[in-house]
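**Student:** Sending over a structure as structure tokens; questions will come in a sec.
The values are calculated or read from the model by the stated rules, or taken from the named source; none is laboratory data. Small disclaimer: the values here were computed from a predicted structure and weren't measured. Neighbour counts are summed over all protein chains in view; Cβ atoms, including those assigned to glycine, are modelled from backbone coordinates with ideal geometry. Protein only, heavy atoms only, side chains kept; ligands, DNA and RNA dropped before computing areas. Shrake-Rupley method; radii C 1.70, N 1.55, O 1.52, S 1.80 Å.
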Amino acid sequence: METPGYVHDKDDVLTRLRRIEGQARGLQRMVADEQYCIDILTQVSAMTKALQAVALRLLDDHLAHCVRDAVATGEGAEDKLSEASAAIARLVRS
């Protein structure tokens, strides 16, 4: 198994994901406490942006490491480019 491109940023990615997990718990509390809809939607938007930031960082690491290395070695370059293209399409649709 090859090393993921984000391995050098793993602690930061995990910190960001834990923060997002906390945001999700906060949203659950807001709903349980019957908070104002717009306040909940504001927090959903913030959480969505945080997830998108993590996704973009992972995509950037994938391009900078996995795709670059595959192109440099000629091993699996087409597959890595196709994976990246599919991931970009999923991010754009979401």
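**Student:** Any idea which residue in region 18-33 is most open to solvent (accessible area, probe 1.4 Å), counting only those that are farther than 15 Å from LEU51 by Cα and in contact with a helix residue (DSSP H, G or I) (Cβ under 7 Å, 6 or more places away or on another chain)?
**Tutor:** Per the criteria, the residue is VAL31.
**Student:** With the condition kept exactly as written, say whether any residue in region 36-44 is β-branched (Val, Ile, Thr), part of a helix (DSSP H, G or I) and at pLDDT below 95.
**Tutor:** For region 36-44, residues β-branched (Val, Ile, Thr), part of a helix (DSSP H, G or I) and at pLDDT below 95: absent.
**Student:** Let me ask something else about it. Collect the residues in region 49-93 that are of a type in the set (Gly, Ala, Ser) and in contact (Cβ under 8 Å) with a residue 12 or more places away in the chain, keeping them in residue-number order.
**Tutor:** ALA50, ALA53, ALA55, ALA64, ALA84, ALA87
**Student:** Also: If TYR6 satisfies every condition in (1) touching a helix residue (DSSP H, G or I) at 6+ places or on another chain (Cβ under 6 Å); (2) of a type in the set (Phe, Trp, Tyr); (3) surrounded by fewer than 14 Cβ atoms within 10 Å (Cβ to Cβ) but one, which is the exception?
**Tutor:** The number of the failed condition is (3).
**Student:** For region 51-63, indicate whether the set of residues that are touching a helix residue (DSSP H, G or I) at 6+ places or on another chain (Cβ under 6 Å), of a type in the set (D, E, K, R) and open to solvent by less than 90 Å² (accessible area, probe 1.4 Å) is non-empty.
**Tutor:** yes
**Student:** All but one of (1) under 27 Å from HIS8 (Cβ atoms); (2) surrounded by 11 or more Cβ atoms within 10 Å (Cβ to Cβ) hold for ALA86; state the number of the condition that does not hold.
**Tutor:** The number of the failed condition is (2).
**Student:** State which residue pairs qualify: first residue under 11 Å from HIS65 (Cβ atoms) and inside region 5-16, second residue open to solvent by less than 80 Å² (accessible area, probe 1.4 Å) and β-branched (Val, Ile, Thr) in any location, beta carbons under 6 Å apart, and separation of 6 or more residues or different chains.
**Tutor:** TYR6/VAL13
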